[in-house]
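The values are calculated or read from the model by the stated rules, or taken from the named source; none is laboratory data. What you see is a predicted model, and the numbers here were worked out from it, not measured in a lab. Glycine gets a Cβ as well: all are built from the backbone with ideal geometry, and neighbour counts include every protein chain shown. Heads up: the accessible areas ignore ligands, DNA and RNA and are worked out on the full protein's heavy atoms, side chains in. Shrake-Rupley method; radii C 1.70, N 1.55, O 1.52, S 1.80 Å.
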Number of protein chains: 2
Amino acid sequence: MNPKEIITKIQELLITNNLDAYIIPSTDPHQSEYVANHWKAREWVSGFTGSAGTLVITKEIAGLWTDSRYFLQAEQQLIGSGIELFKMKVPHSHPYIDWLKNNLKENSKVSFDGKLFSVSLTKMIESSLTDYNIKIESNHDFIKPLWKNRPSIPTNNIFIHDIKFAGKSSIEKISQVRSIMIEKNVTCHILSSLDDIAWLFNIRGNDVKYNPVVISYALITLDNAFLFIDKNLDDDIKETFKKNNITILPYSKINDRINEFCKNQTILLNPSKINNCIFRSIPSSCKIIEDVNITTTLKATKNATEINNIKEVMVRDGVALTKFFYWLENNILQETITELSVDKKLQFYRSQQKNFVGLSFGTISAYNSHGAIVHYEPTKKTDVELMKEGIFLIDSGGQYLDGTTDITRTISLAKPKQEAINNFTLVLKGHINIASLKFPYGTKGYQIDILARKFLWDNYKNYGHGTGHGVGSFLNVHEGPQGISPNASSTLNINFEEGMLTSNEPGIYIENEYGIRIENLILCEKDKDTEFGKFMKFNTVSLCYIDKSLINIDLLSKDEIKWLNDYHKTVYEKISPFLNNDEKEWLKEKTKSL
Amino acid sequence: MNPKEIITKIQELLITNNLDAYIIPSTDPHQSEYVANHWKAREWVSGFTGSAGTLVITKEIAGLWTDSRYFLQAEQQLIGSGIELFKMKVPHSHPYIDWLKNNLKENSKVSFDGKLFSVSLTKMIESSLTDYNIKIESNHDFIKPLWKNRPSIPTNNIFIHDIKFAGKSSIEKISQVRSIMIEKNVTCHILSSLDDIAWLFNIRGNDVKYNPVVISYALITLDNAFLFIDKNLDDDIKETFKKNNITILPYSKINDRINEFCKNQTILLNPSKINNCIFRSIPSSCKIIEDVNITTTLKATKNATEINNIKEVMVRDGVALTKFFYWLENNILQETITELSVDKKLQFYRSQQKNFVGLSFGTISAYNSHGAIVHYEPTKKTDVELMKEGIFLIDSGGQYLDGTTDITRTISLAKPKQEAINNFTLVLKGHINIASLKFPYGTKGYQIDILARKFLWDNYKNYGHGTGHGVGSFLNVHEGPQGISPNASSTLNINFEEGMLTSNEPGIYIENEYGIRIENLILCEKDKDTEFGKFMKFNTVSLCYIDKSLINIDLLSKDEIKWLNDYHKTVYEKISPFLNNDEKEWLKEKTKSL
C-alpha cells in the first residue's frame, strides 16, 4: 500500500470506531531515541523517514508535524501522499495538540495507541483537550491490522556486560535499587527505558541502532526481579540470570503480569518513560509515586571501574580522531573526500581500536553551510566534497565495550576569515568556562549553562541548543538525569554528582555560512572540602586537539590560554605514544603551546 | 495570661475538640511578609518576637521552630514558657511537618486556622501526613476565644496613590487584567496579596509596617470589581471608587461573597497566596486555574511614569546616603555612634527628602561580626558602638510616594585587612557581572545567578542567600514574580521583562568576623534587536559610591574598572548638585576614577 491508501484505510477505521482523529508518533513503547524498524509506523504510513515527526489523521485530512531540520526532506518525501506538512518552531514540542483543539468539533474523540505515548504526554493531551470537550481513547492500534510484512520486534542475541566493564554485578545493582526503594517507601519499581534495564541487568544487545540495548521491560520488587524479554538465551546467560535470582518472562506479558503481581503495591515509575498502556494495567489498589527511575541516577554516577575505563577509551578514541584528522589534512584534494566518505574513514580508524563495537550516533559531518544546520546528517543527496577552504564540523562518537564517546571538532580547511576566528574563540571561551568551573556541591545544570554562552551574549550572539547531556557507559550517548541547559524543568532537583559524565558543547551557527561547535566530555569529581562546603570540579576526559588556526589569542585571558596549553599538553602526552612519527610530529605542532 | 497558661488552654481545647496538635504560624490571612499586630498570635502565645517561627502544640508538648537568625533570641525569650526550641536548618522550610509525622500516632488529627495557611502549604501538610494516616482539620481558630485585649484589625485611613506616581489609573489596570483574564479563559480572579490589591486599585495605607498596603481582599470578574475593606472612606475616595466602578464590601464578607458570586465560574488564583479558608468557600461548581496573579506580573513591569519616578527617587535617596556616609566618616569617635543611632541618622537624612514616607524594611546596621549574620537587625541588647576599625555593613531602604529603594553598602572604618579587601573585590566582580550583563529575551533569574557567584566559587567561597528580588513602586520592597536565585522553582517561567526592577546583591559572610554585601537596584531594559533575537540589559539605578578602600584593583579586569569608573562618574554627576561644598569635595574623592 502507498501512503494515500494506508491513510484511507485509517480513515475508514476512524469511521467504524466512531473516532475523529488518530495520532501516530515516532517513538516506541520505551520512549527510545532510536527505535527498531518494527516501530517505524509513522515512516511506513507517511513515507517520511526523518527521526522526528508526528502524523495526525482525521476523517478529512492527514498532517505531519516535524521540525526545521526535516522541512526540506519532508516536503520531498510527502509529495503525492496527500499529507500536509506542518512546520514546528520548537523541536520536541506538540503543536498538533493545539491544531486538534482548533480543528475538531466539541465532543470529538482523539485516538492513539497508548503503548507509544508516555503517561506524561497522554496526560498533557488529555488536559489540553478536555477544556474543549474533546475526549481521548488511548487503546487503538490501527497499525497492527494494516501493516503486512511489518518487521518483527528484534530478537537479536544478547550478551552479558562483563563485570570488568560494568564494575558492579547485577545482583549488587539490584540490591542497591532495593535499598533506595525501601528508603522511598516503595515496594515495586517498573522500568521500561531500555538503557535503565540494560544497566541494571548488565546486559547488552543490538536491537536498536547506536544504542547497545535490549528490547525489554523490568519489574523490581523487594524480593523479585523480573526481566521481560523474547530472546533465545545461551545456557551460560540463563545460568547467570538464575544465579542472580532474575526471572525471565515473555516481553508481551508485561501488562498482564503487572496487573497480576502489583495489587496493593506502592509503585515507583517515571511518567515520561512509562507508556500509557502499562500505566493502565496497574491495579487501582496501587499507590503510584512518580519520580526519576532509581536506576537512572545510579547509572549516571559512574563507578570507579567505569571511570578508569572511560579514561582508557578516550585515549583510543583520541588516537582514532588524531589519525583521521592527520589523514584529512594530508589528503584533501588529493583524493575525493566528501562528508560521507569522511564519516566512513573516521569509522575505519575507530574500528582499528580495541573493544570498538560501533558508532554511538549518526555522525554529523557538515561542511560549511551544512554546519549551520544543527542536526545535519549527510545523505547521498546532500553530500558535498570538502575543498581547501571554509569550515568543517564533525560531531561523532563510538561505542566501545568499555565506554561511549561523543566529541565535536570544528576545523578550518584553509586560512579562515577573521569573523569565523572570532566566533570560534568565543565558543572556545564558553567551553573553557564550563570545563574549568569549580562549584559547590548542590549545583545544578541549569545554573551553569550561562557560563558557556556569556561571551557570545557579550557580542549579541547565542546558540539555540542546550550545552550538555549525560553520556552512558557503553550505553546511550544521551542519558539523564543531569544536563546543562537553560531549561530548568528537567534538572530541577538534579545535582552534579561525583562520577557523572556530561558533554560540554557550546556552538554558534551562521545560517548559509558555517557552524562551529567544540565538544568534550567532562567528568564530575570532588575538588575539596572548604569552610563554605564541599566543592566539585569537572575533569575533561575527551582527548583531541582543538584547531588553533581558528583561535584569536587576543580574545583569550591568561587563564584560558593556560587551560588550552595544559589540555594540549595532556592530549599530546596521552595520544602520541600510539602514533607513527609523521603523525606524532604533526600532533606536536597542533598541540604546541599558544 | 503567660505562655504557659495559654498553652494549657490550647491543650484543653485540643482535648475537647478531639484533636492532637495545633499549628500557629507567623503569617496573616494574606501571606504577608510583615503582619499587623492583630495577627501576631504566635508571638502572643509564645513570647517569641522574631519575624519567622512556627509554634506547634500537642497534648503533651509545645515546640517552636525558627531559623538560625533567631536561635539566640528564641532561647532567651522562651525561658520559663515550657516551649521547646527546634532549630531549623533552612529558613522558609517546614520541618515541623516531619516532626508531626514522627511524633503523632496513626489516626491523629492535626488542626490549624485555615485563614493563616496558603492553599499550597495546606496541600503540602495534607499530602505529607496522609501517608501516615494523620488527618488535618483546617477550620479551628483557638486564638480568637483566648486572646483578650487583642489588637484589632487595622482600620487606618487609606489614600489614593496619585496617577502622577502610579502612571496608570485603576480603571486602566482593571481593564488590562480583564483582557488577560479573557485570554486565559478565566471569568473571575481572586486576590488576597495586599500589594497586588494596592497596585490594582491605586490605594495605599499604613496598616502594616514598612509596606504601604491596606488590609483587603479583592474579586475581579469580567463586569465587576469588588474591594473588601473595613475603612472610613473620605467622600472623594468614595467618589473615585464609584467613578471607577469599584464596589466596596466589608472585609469580613470575602468568604460569603465568593460563595455567593462565584457559582460556575472559572477562577484564577495563586495557591501560595490565597488562604485555605477562602479556597474552601469557592463553590464546587467552579473550575480553578492555579497561576501567578495577573496583577503580579503587571505590577512588576514598571510603566514609563514609574520608571521616571524611581530614577528621581534614586537621586534623593542617594543624596541622603551620601550625606549620611559623609557624617559617619567625619563624626566617628567624635560622638557615640552605634548601630542603632546610625539607623536613626540615616532615617533623618532620608526624611529631609521630598516625598519620603518611611523605611521600606528594618535597617540591617551591622558592625563587624554582626555583619556575618545575614538578617541581623540591631536591638538595644545587641547594639554596639562603631569604632575606627573593621567593616560596617548597612542594608536599608526608603518608601517614597514615587518609589521604593533598597541598597546595601559595606565600608571600611579604617585601613582594612587584605583578606577583607580581596573578599570585597570578589563580591564586587560578581555585582558588576550581573549589572553589565547583556542577555537574550527569555532569560530567567535562575540562569544568571551564577554570574554573581563565579568569582567567589573560583576561590572556594560562596554566600547562602539569593542574589536578587523584585522591588515594588511605593509598595513592598520584596515582590515577585522575578528574582535571581539558584533555586529555579519559583521563577521557572518568569522572563526578565522590560521595566522589571530587581536587586543585585551578592555578598560574603565570614563568621565571627564581618559581612560584605553590595546591593543596587537594576532596571531591565531592551538593548537591541539582533540576528540572534532581541537582547536585553540591566540599568543600575541606585546611586551611592562604592568604598574604593576595599577594592584590590589587581583583581579587576579592564572592563570591570571601566564599569566602576562610569558608575562613580554618574553618581557624582547626579548627587553632587544637592551637596554642600565639603560634601561635594568628599564625594569627588570617593568617586574618583580608579
Query - Conditions (1) closer than 28 Å to residue B:473 by Cβ; (2) more than 14 Å from chain A (Cβ to nearest Cβ); (3) free of Cβ contacts under 8 Å to residues at least 12 places away in the same chain: number failed by residue B:580 - result: (1)
Requested in this report: Could you list all residues from the range A:360-374 that are under 14 Å from residue A:406 (Cα atoms) and either open to solvent by 20 Å² or more (accessible area, probe 1.4 Å) or under 15 Å from the mean Cα position of the chain (by Cα) (or both)?
Outcome: A:360, A:361, A:362, A:363, A:364
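For the condition in the same structural domain as residue A:166 (by TED's automatic domain parsing) and not hydrophobic (A, V, I, L, M, F, W, C), what is the one hit in A:243, A:311?
On the way: A:311 fails: in the same structural domain as residue A:166 (by TED's automatic domain parsing).
Residue meeting the stated conditions: A:243.
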Query raised in the report: Mind checking which residues of the range B:442-460 are part of a loop (DSSP other than H, G, I, E, B) and either buried (at least 22 other Cβ atoms within 10 Å of the Cβ) or more than 7 Å from chain A (Cβ to nearest Cβ) (or both)?
Result: B:442, B:443, B:459
**Report entry** Filtered residues of the range B:379-408 (kept if surrounded by fewer than 22 Cβ atoms within 10 Å (Cβ to Cβ) and either within 22 Å of residue B:335 (Cβ to Cβ) or without any contact (Cβ under 8 Å) to a residue 12 or more places away in the chain (or both))
**Finding:** B:379, B:380, B:381, B:382, B:383, B:384, B:385, B:386, B:387, B:388, B:389, B:390
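In the set A:335, A:339, which member is open to solvent by 40 Å² or more (accessible area, probe 1.4 Å) and either touching a strand residue (DSSP E or B) at 6+ places or on another chain (Cβ under 8 Å) or of a type in the set (Asp, Glu) (or both)?
On the way: A:339 fails: open to solvent by 40 Å² or more (accessible area, probe 1.4 Å).
Result: A:335 is the single residue among A:335, A:339 that is open to solvent by 40 Å² or more (accessible area, probe 1.4 Å) and either touching a strand residue (DSSP E or B) at 6+ places or on another chain (Cβ under 8 Å) or of a type in the set (Asp, Glu) (or both).
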Requested in this report: Evaluate the following for residue A:165: is it assigned by TED's automatic domain parsing to the domain that holds residue A:244, at negative phi and modelled with pLDDT of 95 or more?
Outcome: yes
Report task. Hey, can you tell me all the residues within the range A:463-474 that are surrounded by 21 or more Cβ atoms within 10 Å (Cβ to Cβ) and within 11 Å of chain B (Cβ to nearest Cβ)? Result -> A:463
Query raised in the report: Is there any pair linking a residue in the range A:454-482 that is over 30 Å from residue A:161 (Cβ atoms) and in the same structural domain as residue A:505 (by TED's automatic domain parsing) to one that is of a type in the set (D, E, K, R) and buried (at least 20 other Cβ atoms within 10 Å of the Cβ), with Cβ under 8 Å and at least six apart or on different chains, and which?
Result: A:455/A:429; A:462/A:453; A:463/A:453
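Considering only residues that are within 14 Å of another protein chain (Cβ to nearest Cβ) and part of a loop (DSSP other than H, G, I, E, B), which ones fall in the range A:475-505?
Going through the range A:475-505, the residues within 14 Å of another protein chain (Cβ to nearest Cβ) turn out to be A:483-496.
Residues satisfying the conditions are A:485, A:486, A:487, A:488, A:492, A:493, A:494, A:496.
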Query raised in the report: Do we have residue B:49 as in the same structural domain as residue B:84 (by TED's automatic domain parsing) and closer than 22 Å to residue B:275 by Cβ here?
Result: no
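Against the definition (open to solvent by 30 Å² or more (accessible area, probe 1.4 Å), touching a residue at least 60 places away in the same chain (Cβ under 8 Å) and of a type in the set (A, V, I, L, M)), how does residue A:357 come out, yes or no?
Working: open to solvent by 30 Å² or more (accessible area, probe 1.4 Å): yes; touching a residue at least 60 places away in the same chain (Cβ under 8 Å): yes; of a type in the set (A, V, I, L, M): yes.
Against the criterion (open to solvent by 30 Å² or more (accessible area, probe 1.4 Å), touching a residue at least 60 places away in the same chain (Cβ under 8 Å) and of a type in the set (A, V, I, L, M)), residue A:357 qualifies.
Sort out for me the strands (runs of 3 or more DSSP E) sitting completely within the range B:168-268 that have 2 or more residues that are over 22 Å from residue B:297 (Cα atoms).
Values: elements: B:188-191, B:203-205, B:217-221, B:225-228, B:246-249.
Per the criteria, B:246-249.
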Requested in this report: Mind listing whichever residues of the range A:127-140 are free of Cβ contacts under 8 Å to residues at least 40 places away in the same chain and either polar (S, T, N, Q) or surrounded by fewer than 16 Cβ atoms within 10 Å (Cβ to Cβ) (or both)?
Outcome: A:127, A:128, A:130, A:131, A:132, A:133, A:135
Query - Matching residues in the range A:432-441 - criterion: being of a type in the set (A, V, I, L, M) and either more than 9 Å from every other protein chain (Cβ to nearest Cβ) or in a helix (DSSP H, G or I) (or both) - result: A:432, A:434, A:435
Query raised in the report: From the residues in the range B:515-545 that are assigned to a loop (DSSP other than H, G, I, E, B) and within 19 Å of residue B:322 (Cα to Cα), which one is nearest to the other protein chains (Cβ to nearest Cβ)?
Result: B:518
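Just checking, does the range A:417-431 include any residue being farther than 19 Å from residue A:300 by Cα, at the interface with chain B (Cβ under 10 Å from one of its Cβ atoms), touching an Asp or Glu at 6+ places or on another chain (Cβ under 8 Å) and at pLDDT 95 or above? Before the answer, list the steps.
From the range A:417-431, those farther than 19 Å from residue A:300 by Cα are A:417-431; that's our starting set.
From what is left, the residues that are at the interface with chain B (Cβ under 10 Å from one of its Cβ atoms) are none.
No - not one qualifying residue is present in the range A:417-431.
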Query - Residues that are within 19 Å of residue B:296 (Cα to Cα) and either open to solvent by 10 Å² or more (accessible area, probe 1.4 Å) or in a loop (DSSP other than H, G, I, E, B) (or both), drawn from the range B:269-280 - result: B:270, B:271, B:272, B:273, B:274
